[in-house]
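Engineer: Supplied in structure tokens, the structure appears directly below.
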Amino acid sequence: MAPVARALLDLQRTAGNKAVTTLATRRVPVQRANAVVSKSGMVGDIPGPQVNDAADVRLAIERLMHLNSITMPGYDAIAEVLRQHDAEVAALPKAEQAAARKKPVDVASLAPLVAALVRNAEGSINPGVAQWQLGVQIGAPVGPGLDNVPSDVEMLARALQFEGLATNVTADAASHLPAVLEGLADLKNRILTGVRPEGPRLPGGLAAAGSGDYSKVTASLDGADRVPEETVLDWANLLSKTARVAPAETPGSTITKAQICQQIAANRANIPNRPGVGLAFSKPVAPYHQGISYTRSKELLRAGAEPRPASLTEGSDSRTAANNAAWDELLTEGSAGSGNSYDSQLMTVGRGFGVQGGQGAAVLNAFFSADASAKSALLHVGFTVEGTTAVVVDTEHQVVLRGDAALKYITLNKAIYSQLANTAESPAHIDKMSDAQFGVMRDNAAKIPQEVFDGGTYVEPAQKPSKAVPKPGPPRSVTITAPWNVDVMRFAVHLKHAAGGITWNRMITEGTGSDGRGDINKLAGLILPHLPPHSAYGAGQLWGGEENRMLEWGEHLVGKQLSKIAKLPDAATVPAGTRYFAVTGGFKVWSAGVSLASE
């Protein structure tokens, strides 16, 4: 065991046993006891191919021990499970060892780990962990149901704010403890998941904390240089005023715009870069530009790393099934905290919601409206949305930017994208972020007419006269003889999500086959002309590039039906209507006359 870990356990015995005992005996309602601890795996009570890899389990118990979230007997029990696992692997022939190492540890043997994950999700900390992880001294444990000495709470609030946590502290003293408890839960989750390095990260004189000189800590945290968090969070209003914008804590003095901007810049500098948040390209190729890219892996998402939106359950069983299918389809677009800034949308969040196009802004607006502390976390680093408009602080020029100017300003800002991912994927906030995303989906891509999943006669909405169509004809009706194949429906969901101008009305009226079911060929035909580059090839069409993503849609429905990879034939021999898709190693063919109608 590492010396620092043993020292922490000694501190627990002298200073933190009350807190640990209280946590161990309290019944805590938790939706799931799992955590992502590496780029490709997680640990907890959800068994699966990406869950409880021995290396991830070992990593988790070390981090949980440093947080005093696992008991010493629990640590020893899991260590013995891992020792036996290693011994069983070592006893196998060498040719079999690599595969055996990847075999998940039996979840039935990991009860102490699951209990520790539950304990770690609670917003509590003892003096030893506060000293080691935050570099501050508190006199007693802080957490739900404990004494929570006000001076300890205040010290933790100031320390957590340096990391973009506990940002919903206001002048009302009653707000401090809830903000600190939420911030502590987030801090412990960040350390457990490897997002935040262990040990104090506070700047300047706070580095002396490790030596036990806490006078410097207090002076730095409470000094005149620090703008109160409540003032910082009001930057959108205050920065529109004159140079001196807010009263300071010292009577008769004021805070300047420069001080607010300096504090926001310092906040950004203190946000640890979330693993995976980085530049999208080594060298961008048109139509893309260099930007930030972050998402969780599809494997982790399929393994259940994130909760499902509660609002998926709605009305009839068939509507609920359609909602779930739509949500699963967009898993390929990203995770709760995904963000990128390298395409024409300038900023895309979550499962592929473009901010410039409006849906991404609607997601963030709904998220922030439902979760005030999540909004505060992003305000802390100078970013928010107002309706459908992105708003950000240009700290160098001390101005507020809006719209495209704001999005372009943060194109390469790892701190803001890290803070968004940290917040959206935190256990304290992820449910609301998931609900916000599906809420926007439900009004757009997942606004699936009932006839699609139940069958029946669909009548298109009456068209209003316009300059393009001064005298619209009568509404068309389409008889859907049987519910669309679920993969065809998912393909249509993705089509609608990717191309907002393609409506469900058009997909039904133009994408229903002669057999009364969804026709994948007709649906694909709606989007292929809009996915460059495409060109004529003999009597057919040749596509290369972005449309290859389309081959994943609807559980790879189109890709499964295409031919095996082959060489491109002579253009003179291409039958009319044939489509060729450029893929790695050659081309795949969608032969003329093949409808790929649903079954």
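Where a number appears in this text, it was derived from the coordinates with a stated rule and is not lab data. Predicted model, so just to flag it, every value in this text is computed and none were measured. Glycine gets a Cβ as well: all are built from the backbone with ideal geometry, and neighbour counts include every protein chain shown.
Engineer: Short version: ³J(HN,Hα) in whole Hz for each residue of the stretch 177-185, in order, from phi by Karplus 6.51 cos²θ - 1.76 cosθ + 1.60 (θ = phi - 60°), x for Gly and Pro, what are they?
Structural biologist: 5, x, 5, 5, 5, 5, x, 5, 4
Engineer: Which lysines, if any, have their Cα less than 23 Å from the Cα of residue 567, not counting same-chain residues under 8 positions apart?
Structural biologist: Here the lysines satisfying the reach criterion relative to residue 567 are 588.
Engineer: Kindly write out, for the stretch 486-498 in residue order, the coupling ³J(HN,Hα) from the Karplus curve 6.51 cos²θ - 1.76 cosθ + 1.60 (θ = phi - 60°), rounded to whole Hz, with x marking Gly and Pro.
Structural biologist: Taking θ as phi minus 60°, the curve returns 4, 6, 5, 4, 5, 4, 5, 4, 5, 4, 5, 5, 7 Hz for the stretch 486-498.
Engineer: May I pose another question? Taking mean projected area of the Cα convex hull in nm² as the quantity of interest, determine which of [x] 50.1; [y] 33.4; [z] 39.8 was computed from the displayed structure.
Structural biologist: So the calculated entry is the one marked [y].
Engineer: Taking 8 Å as the Cα distance limit and 6 or more residues as the minimum spacing, I'd like the relative contact order of the chain as a percentage.
Structural biologist: Details: 1027 pairs, mean separation 55.8, N = 599.
So the answer I get is 9 percent.
Engineer: May I pose another question? Mind listing the phi-derived Karplus ³J(HN,Hα) values for the stretch 69-80, rounded to whole Hz, using 6.51, -1.76 and 1.60 with θ = phi - 60°, and x for any glycine or proline?
Structural biologist: So the Karplus estimates, Gly and Pro as x, are 9, 10, 6, 5, x, x, 4, 4, 5, 5, 4, 5 Hz.
Engineer: Roughly what would the spin-label model give for residue 299 and residue 388, points 7 Å off Cα along C-beta, in nm?
Structural biologist: Going from the residue 299 label point to the residue 388 one covers 4.0 nm.
Engineer: Counting only DSSP beta bridges with both residues in the chain, tell me the antiparallel percent, nearest 5.
Structural biologist: Roughly 90 percent of the beta bridges in the chain run antiparallel, per DSSP.
Engineer: Considering amide H positions built from the backbone, and no H for Pro or chain starts, which residues 5 or more places from residue 37, or on another chain, come under 5 Å of its amide H?
Structural biologist: It is 42, 43, by chain and number.
Engineer: Mind listing the long-range amide H neighbours of residue 390? Cut-off is under 5 Å, sequence gap 5 or more, other chains count too, H placed in the peptide plane at 1.01 Å from N.
Structural biologist: Those lying under 5 Å, H to H, from residue 390 are 403.
Engineer: For the ranges 566-572, 165-171, 403-409, what's the packing order if you count other beta-carbon atoms within 10 Å of each residue, average per peptide, and put the highest first?
Structural biologist: Working: 566-572: 10.4, 165-171: 23.3, 403-409: 18.4.
Highest to lowest by the protection proxy: 165-171, 403-409, 566-572.
Engineer: Let me ask you something else. Reachable lysines from residue 496, Cα under 23 Å, same-chain residues fewer than 8 places away excluded?
Structural biologist: Leaving aside lysines fewer than 8 places away in the same chain, those within reach of residue 496 are 298, 447, 464, 522, 560.
Engineer: Take peptides 307-314, 231-238, 372-379 and line them up by average Cβ neighbours within 10 Å, highest first, as a rough protection proxy. Mind showing how you got there, number by number?
Structural biologist: Details: 307-314: 15.5, 231-238: 19.4, 372-379: 22.9.
Highest mean packing first, the order is 372-379, 231-238, 307-314.
Engineer: Under the rule of at least 5 residues apart or a separate chain, name every residue whose amide H is placed under 5 Å from the amide H of residue 583.
Structural biologist: Those lying under 5 Å, H to H, from residue 583 are 588.
Engineer: So if R0 is 35 Å, what FRET efficiency would residue 572 and residue 522 give, r being the distance between their Cβ atoms, rounded to the nearest 0.05?
Structural biologist: Numbers: r = 28 Å, r/R0 = 0.79.
Step by step, r from the Cβ atoms, then E = 0.80.
Engineer: Measuring from label point to label point, each 7 Å out along Cα→Cβ, what is the residue 462 to residue 398 span in nm?
Structural biologist: Using points 7 Å along Cα→Cβ, the separation is 6.0 nm.
Engineer: Taking 27 Å as the cut-off for C-alpha to C-alpha distance, list the pairs among 257/414; 283/432; 102/414; 241/408 that go past it.
Structural biologist: Details: 257/414 24 Å; 283/432 36 Å; 102/414 33 Å; 241/408 24 Å.
Long pairs (Cα-Cα over 27 Å): 283/432; 102/414.
Engineer: Given a Förster radius of 25 Å and the C-beta distance between residue 99 and residue 76 as r, what FRET efficiency does 1/(1 + (r/R0)^6) yield to the nearest 0.05?
Structural biologist: So the FRET efficiency works out to roughly 0.30.
Engineer: Of the beta bridges DSSP finds with both residues in the stretch 448-599, what % are antiparallel, to the nearest 5?
Structural biologist: Roughly 80 percent of the beta bridges in the stretch 448-599 run antiparallel, per DSSP.
Engineer: Using the Cα gyration tensor of the stretch 430-491, with a ≥ b ≥ c the square roots of its eigenvalues, what is the shape: rounded (a/c below 1.5), prolate (a/b larger than b/c) or oblate (neither)?
Structural biologist: On the way: a/c = 3.46, a/b = 1.42, b/c = 2.44.
Note, shape of the stretch 430-491 comes out oblate.
Engineer: Placing +1 at every Lys and Arg Cβ and -1 at every Asp and Glu Cβ, with all other atoms neutral, what dipole size does the stretch 278-442 have around its Cα centre, in debye to the nearest 20? Walk me through the numbers on the way to the answer.
Structural biologist: Details: 13 positive and 16 negative charges, 41 e Å.
It works out to roughly 200 debye.
Engineer: Which aspartates and glutamates does residue 375 reach when only Cα atoms under 12 Å apart count, and residues fewer than 8 places away in its own chain are ignored?
Structural biologist: 234, 386
Engineer: I've got another one for you. Where does the chain land at 222 nm, in deg cm²/dmol rounded to the nearest 500, when only DSSP H runs of n ≥ 4 count, each adding -39500 (n - 2.57), divided by all residues?
Structural biologist: Using -39500 (n - 2.57) per qualifying helix, the result is -11500 deg cm²/dmol.
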